[in-house]
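Beneath this line is the structure, given in structure tokens, with notes to follow.
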Amino acid sequence: MDYDVSIDFSMKYDFKKIEKKWQKFWEEKRTYFADDKSRRKKKYILIEFPYPSGEGLHMGHLRPYTAGDVYSRFLKMNGSEVMYPIGWDAFGLPAENYAIKHGVHPSISTAKNIANAKKQLRSWGIGFDWSREINTTDPNYYKWTQWIFLQLFKAGLAYEAKGMINWCPKDKTGLANEEVINGCCERCGAKVEKKEMRQWYLKITAYAEKLLNGLKKLDWPEKIKIQQENWIGKSEGVEIDFEVKTKEKPNFLILHGRNGSPKSHLFPWLKSELEKKGYKVQAPFLPNTDEPDDEEQTQFVLKKCKLDKNTVIVGHSFGGIVALRLLEKGIKAQKVVLLCTPFFGKFLDNKVRASVTRACRKGFNFKKILAGKTSFDLLYDTTDYVVPLSDGETFSKKLKVPLNTVAGKEPHLSGKREPAVLEKLSPLIKVFTTRPDTLFGATYMVLAPEHQLISNLKSRIINSKEVELYLKKAVKKSDEERIAEGKEKTGVELKGIKAINPANGKEIPVWIADYVLTGYGTGAIMAVPAHDERDFEFAKKYKLPVQQVIAPHLIDKEHMPQKGKENTKRNVVHVLLKHPTEDKVIALRHRKFPWLTPITGGIEKGESAIAAAAREIKEETGYKNFRFVKRLPFKVFAEFYAAHKSVNRLTLCDFLFFELVDEKRGAVSSEERANYDVEWLPLKDIHKFTPVSELDFMIEFLKRGEYVYTGDGLLINSDKFDGMPSEKAKWEITKFVGGKRKTQYRLRDWVFSRQRYWGEPIPLVFCETCKKRAQNRADYTQNSAEKFPRKSASSQRESAFSKGEIENPGWIAVSEENLPVKLPPVKKYKPTGTGESPLAAIKSWVSVKCPKCGGAAKRETNTMPQWAGSSWYYLRYCDPNNKKEFSGQKLMKRWLPVDVYFGGLEHTTLHLLYSRFWHLFLHDKKLVPSPEPYTRRIPHGIILGPDNEKMSKSRGNVVSPDSVIKKFGADCLRMYELFLGPHEATVSWNSQGILGISRFLERVYKKFCEPAAEKSSGKTEQVIHRAVKKVGEDIRSVKFNTAVSALMICMNEIEGEKLSRELREMFLKILAPFAPYLAEELWQRTKINADTSVQIRADRNQRKSAFRSIHLENWPSYDEKLIKSETFTLVIQVNGKVRDTVEAPAGISKTEAEKLALGSEKIKNIVKPGAVKKVIYVPNRLVNIVI
RNA sequence: GUCCGGGUGGUGAAAUAGGUAAACACGCGACACUUAAAAUGUCGUGGCUGUAACAGGCCAUGCCGGUUCGAUUCCGGCCCCGGGCACCA
């Protein structure tokens, strides 16, 4: 403890010496450590902890850290116990890439980088609580990262799946949706590719609603909230089923299983449902159903049933065996559907079913079965208690078709109704739409290229070659290519397949196109080209029909026809007459009222619309020679006054488009001439002339040659719904076709595994043995527990499977006492690029014993993304050394939630979303006390280089904080950074500007080298008190730039004035958060100066222990009375223009002010006596004389 | 395309429950100190116009329009810049 707090009373501001001295002092005094037990009110201030890269910390770090530091110091001085912790987000690509580049193991380079960054942070004078320092790569830390992951896994929120994911070819790893920015990797900027891979996902979508709701209560900038909201992208709509029809109508043969009959289980229901849809169905009673013989039943079917090439054979359980036997005998069928058909003849309930086992033992002749080119479909029950799923898997391999599984209404798909089965036989296309009101206008359907139905109906697609070609192309296409194609839509029709529009029963074509996305909704849409831009574009390209079903309801109160302009006709035409040579159209201008209308007329009985229009043109304009061009395919509802009923009445209007041939005119009817003038309006800016909506629509048509109306309106062409407002029709039509309300989110699940070395290992192992048992869990646990009460030793073990283990058969959680799963030390850690993590090559690490059954198992070799460790670090700060829990409840209650979180906007849909998700989950599990992690979020703008460009090595415009410190000192760096501009604004570093701050600090230093005065003037007192107020307010509202400016103003005013000891202290205290070193140094001088009168040669040690840091002092309070001034500058305006100013006593009345104003010589020259119309007085500000 | 921000001197920017536009700072200019330079200090600094000099006048917060005694601030339309999302049915 030998530090030097001696004072150098020289007049030179030697910041190097000063800063070094106090750094050491604060460290040893633990000045910034937060006390867990203090009774003061807690404040938890957080900044995003850095990842320690080789380049060290840069300006981007300085900004939030300084802001947090000023804020923390201020709160601390105002009586709060402030925690402002720091740590290292050291896993992940930057650290790993650095390590690879320099040929050092990441653990070594990381440690080195941390040491360096730590040195930097200390020199910056940031008052972090170093006692809570954490490091995500420390096994004591990532043990808990893994632990939290396991909680997510056990809750069924983690799953493994194969799918197309974003792949960064440079970093050689998969990426989450959030990590792809403009089609490029968020880290390295490389173009992202699509790659099909096995991945772990976290079900963040399950928290979509909670993530959305939680936002409402947060004190975050609206901008960030909106961005998260949009990212989650909630939309409410309905799901509607469309039936599918194929060209060759199938007929069905249903074969029941052992102990079954056509009158039992699902068969009566299934038969009637299929018949309802117009299919022929045969459902024979098969002989000897108690102990059936496959050969006997097969012969029976051959004899009794009619089979042809359009027959679909449905075999339930044993019936499936019979179905396959039929194929072995050379029967040609369209399709065979196997429902829970056994393969091995061993059953999950260990019961003996000798006849079934016997049949299975005979085996199947797959060569013959496959020879008939029959297609297959496998549907197995995940809640089965008899036939294991693995039997289905075997069939799936042998028949080379995918296995479909479903949880049956009853186990073994034996419920009275099994909708999943019906759907397999008579396929439906489920669509999601937010516009069910437009259903009658659905003229075709589109499936995403990955849609299941395509492979399911493969045999019935006539143009399957063409379809396959398209699929291949679509899958290969990267996002980049799609963008390059300019979103030109492509697609191909599924010929031989039609869908039925459930609203009107019409057959509509089914297409596949990649403008429909797999991941959203159901991966299929109903296309309504008349009311959706995308569908319209597609329909236009492939010449698909367009049907308008929504007509806008035009009410234009201002221009609504009045009494006298009567219209009782049902049908009205609007006419647009174009000039023969110029881009102008005719409108009628009312003589009395300021409005324009199109030529409009009613259609007489027996008259065609065109004839009516022609008549109107002649009557209203006098033009004789014109020709009909076209009828616009778009109608609107307009309101007219119906005189005989004295009500406004809706009329459906047609648009007809004419062109003038020559300008010869005849007489205009007298009525029209009295009311209207004919006027030619330029098409281009017709909006400037008229707000009449009919014209708007017509013009849009003419300009673009087409029109897609996506707004609300009244229904047309929709049978009994005609005339209904679209908002109401949404739910009425949904009801009509039996649709279901559904909420969809744009948010996708979080791709959570990375194929890299430097990350937390995912603490799971894969066990083949447990896989089989987990697959058929439900029969032992829920569904049939009562029916089959027998419980073997093995079944009891299986009942202990967690939700995650059931949903991911074979994946077993590492037991908690074996956490952490440490990263093995290896030499080769470069990414393989094959999609496998480098860890996969370490055999000794990969093979483990299964935690559940003790058998041979393999570790998961993917690691977690960088976002894992940072998703909960703020929790660990509360209790960083806890060995029993991720963080102690008591301490979390003490510190959470984070009061203010300073950080970058780039994390809005990354870290900020992820960590909220984890927190909400932990809160649901009652593991954290607060519902949300961060109460207030304060984002910052980026600092650009002096050339207004982003700082980067390649541009050579990087200004490093350390070089600035060398030249000007840390206090100067900090203050200048704050002074650059508003915290949230993007600012550029101006190397000249820093001189201003440097001069300021120098002047402060000099000023405080003067001895304290006995007394200060009242004016000086006022100046300081005002500064105390202003600086405090500005820090509170995060306006650091104006706070610094207030300090400067204050300094300018006290220069040359005498400063009492009290005022000196006040000034230093408000300077302290900004320039902690200088303030501390001068504070010490002030104190010692004050004390020297008593004891100038105090013992050094004594002095040192008696010295209390300025940063632990209380924020000064100001006196409101001192701040108020007795006079103010009265501004005198005439007609709103400033003409003079006078000093006036504060608080004068209006009359007094008026007197003063009129008394001014300048005003007398301008305002003649008696000319004053009105006087406005704003107290203590201005007088405005209106003349 | 759409959703957020934002447009103020030579530069960074201040000022918005509507009330003196340009605080503070950089830069620039003049002067002082100096043999000189740097540093420091003092004064000046939006544009146009005007005066011998004061004084004075007009125009100025992206553009156009509106509300108001008064608009950088509120409303409507447009232009430009930055950022997010982007075939999300």
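The values are calculated or read from the model by the stated rules, or taken from the named source; none is laboratory data. Being a predicted model, the structure only gives us computed values, none of them experimental. FYI the Cβ positions are ideal-geometry reconstructions off the backbone, even for glycines, and counts take in every protein chain you see. All accessible areas refer to the heavy atoms of the entire protein, side chains included, with ligands and DNA or RNA removed. Shrake-Rupley method; radii C 1.70, N 1.55, O 1.52, S 1.80 Å.
Being touching a residue at least 24 places away in the same chain (Cβ under 8 Å), open to solvent by 30 Å² or more (accessible area, probe 1.4 Å), among the polar types (S, T, N, Q) and within 16 Å of RNA strand B (Cβ to nearest atom) is a description that applies to residue A:434.
Is the stretch A:520-529 home to any residue that is modelled with pLDDT under 90, within 14 Å of RNA strand B (Cβ to nearest atom) and open to solvent by 40 Å² or more (accessible area, probe 1.4 Å)? Within the stretch A:520-529, not a single residue is modelled with pLDDT under 90, within 14 Å of RNA strand B (Cβ to nearest atom) and open to solvent by 40 Å² or more (accessible area, probe 1.4 Å). Can you spot a residue in the stretch A:1057-1065 that is over 54 Å from the mean Cα position of the chain (by Cα) and in a helix (DSSP H, G or I)? Looking through the stretch A:1057-1065, at least one residue is over 54 Å from the mean Cα position of the chain (by Cα) and in a helix (DSSP H, G or I).
Do we find a residue being within 15 Å of RNA strand B (Cβ to nearest atom) and at positive phi anywhere in the stretch A:1001-1019? For the stretch A:1001-1019, residues within 15 Å of RNA strand B (Cβ to nearest atom) and at positive phi: absent.
Pairs meeting the criteria (first residue in the stretch A:819-834 and at pLDDT 75 or above, second residue among the charged types (D, E, K, R) and not in a loop (DSSP other than H, G, I, E, B), beta carbons under 6 Å, at least 6 apart or on different chains) are A:819/A:143; A:820/A:143.
Does any residue of the stretch A:211-219 turn out to be within 9 Å of RNA strand B (Cβ to nearest atom), over 22 Å from residue A:159 (Cβ atoms), without any contact (Cβ under 8 Å) to a residue 24 or more places away in the chain and surrounded by fewer than 18 Cβ atoms within 10 Å (Cβ to Cβ)? No, that holds for no residue.
Of the listed requirements (1) over 28 Å from residue A:1046 (Cα atoms); (2) at pLDDT 95 or above; (3) small (Gly, Ala, Ser), residue A:970 misses just one: (1).
In the stretch A:740-757, the residues that are farther than 21 Å from residue A:502 by Cβ reach residues that are of a type in the set (Asp, Glu) and part of a strand (DSSP E or B) with C-beta atoms within less than 8 angstrom, at least six apart or across chains, in these pairs: A:743/A:236. Among the residues of the stretch A:409-419, the one identified as part of a helix (DSSP H, G or I) and surrounded by fewer than 18 Cβ atoms within 10 Å (Cβ to Cβ) is A:419. Is it the case that the stretch A:1056-1067 has a residue that's open to solvent by 40 Å² or more (accessible area, probe 1.4 Å), of a type outside the set (S, T, N, Q), at pLDDT below 95 and within 14 Å of RNA strand B (Cβ to nearest atom)? Yes; the residues of the stretch A:1056-1067 include at least one that is open to solvent by 40 Å² or more (accessible area, probe 1.4 Å), of a type outside the set (S, T, N, Q), at pLDDT below 95 and within 14 Å of RNA strand B (Cβ to nearest atom). Reported count of residues in the stretch A:812-841, each being surrounded by fewer than 18 Cβ atoms within 10 Å (Cβ to Cβ) and within 24 Å of residue A:144 (Cβ to Cβ), is 8.
Cβ-Cβ contacts under 7 Å between residues 6 or more apart (or on different chains), taken from a first residue in the stretch A:260-276 that is more than 16 Å from residue A:319 (Cα to Cα) to a second residue that is part of a helix (DSSP H, G or I), are listed as A:273/A:422; A:274/A:425.
Residues of the stretch A:1030-1049 that are in a helix (DSSP H, G or I), of a type in the set (D, E, K, R) and either near RNA strand B (Cβ under 9 Å from one of its atoms) or more than 17 Å from residue A:77 (Cβ to Cβ) (or both): A:1034 alone. On the stretch given as the stretch A:716-736, residues that are closer than 14 Å to residue A:441 by Cβ and either assigned to a helix (DSSP H, G or I) or in contact with a Pro (Cβ under 8 Å, 6 or more places away or on another chain) (or both) total 6. Filtered by the rule that a residue be part of a loop (DSSP other than H, G, I, E, B) and polar (S, T, N, Q), the stretch A:256-282 gives A:259, A:261, A:264. Once the stretch A:982-1000 is narrowed to residues that are of a type in the set (A, V, I, L, M, F, W, C) and assigned to a loop (DSSP other than H, G, I, E, B), the residue that is nearest to RNA strand B (Cβ to nearest atom) is A:985. Residue A:961 satisfies every condition listed in (1) within 37 Å of the chain's Cα centre (by Cα); (2) open to solvent by 10 Å² or more (accessible area, probe 1.4 Å) except (2). Residues considered: A:400, A:368. Of these, the only one that is out of contact with any helix residue (DSSP H, G or I) (no Cβ under 7 Å at 6 or more places or on another chain) and open to solvent by 20 Å² or more (accessible area, probe 1.4 Å) is A:400. Checking each residue of the stretch A:920-930 against the condition of being part of a loop (DSSP other than H, G, I, E, B), of a type in the set (Ser, Thr, Tyr), more than 20 Å from the chain's Cα centre (by Cα) and modelled with pLDDT of 95 or more gives at least one match. Of A:480, A:468, A:450, all but one fail to be more than 11 Å from RNA strand B (Cβ to nearest atom), of a type in the set (Asp, Glu), surrounded by fewer than 21 Cβ atoms within 10 Å (Cβ to Cβ) and at pLDDT 85 or above; the exception is A:468. All conditions but one from (1) open to solvent by less than 40 Å² (accessible area, probe 1.4 Å); (2) closer than 25 Å to residue A:122 by Cα apply to residue A:1020; the one that does not is (2). All conditions in (1) at pLDDT 95 or above; (2) farther than 30 Å from residue A:605 by Cα; (3) buried (at least 20 other Cβ atoms within 10 Å of the Cβ) hold for residue A:549, with the sole exception of (2).
Contact map, the stretch A:1112-1137: first residue under 26 Å from residue A:1076 (Cβ atoms) and at pLDDT 90 or above, second residue of a type in the set (Lys, Arg) and surrounded by 12 or more Cβ atoms within 10 Å (Cβ to Cβ), Cβ cut-off under 7 Å, separation 6 or more or different chains; pairs are A:1113/A:1069; A:1115/A:1069; A:1116/A:1069; A:1118/A:1029. Selection of the stretch A:950-981 for residues being within 13 Å of residue A:1001 (Cα to Cα), within 15 Å of RNA strand B (Cβ to nearest atom) and touching a Leu at 6+ places or on another chain (Cβ under 7 Å) yields only A:972. Which ones in the stretch A:1139-1154 are within 11 Å of RNA strand B (Cβ to nearest atom), open to solvent by 50 Å² or more (accessible area, probe 1.4 Å) and in contact with a Ser or Thr (Cβ under 6 Å, 6 or more places away or on another chain)? Passing the criteria: A:1141, A:1143.
Here's the yes/no breakdown for (1) at pLDDT below 75; (2) of a type outside the set (A, V, I, L, M, F, W, C); (3) touching a His at 6+ places or on another chain (Cβ under 6 Å):
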| site | (1), (2), (3) |
| --- | --- |
| A:629 | no, no, no |
| A:644 | yes, yes, no |
| A:649 | yes, yes, no |
| A:652 | no, no, no |
| A:659 | no, yes, no |
| A:664 | no, yes, no |
| A:671 | yes, yes, no |
| A:686 | yes, no, no |
| A:689 | yes, no, no |
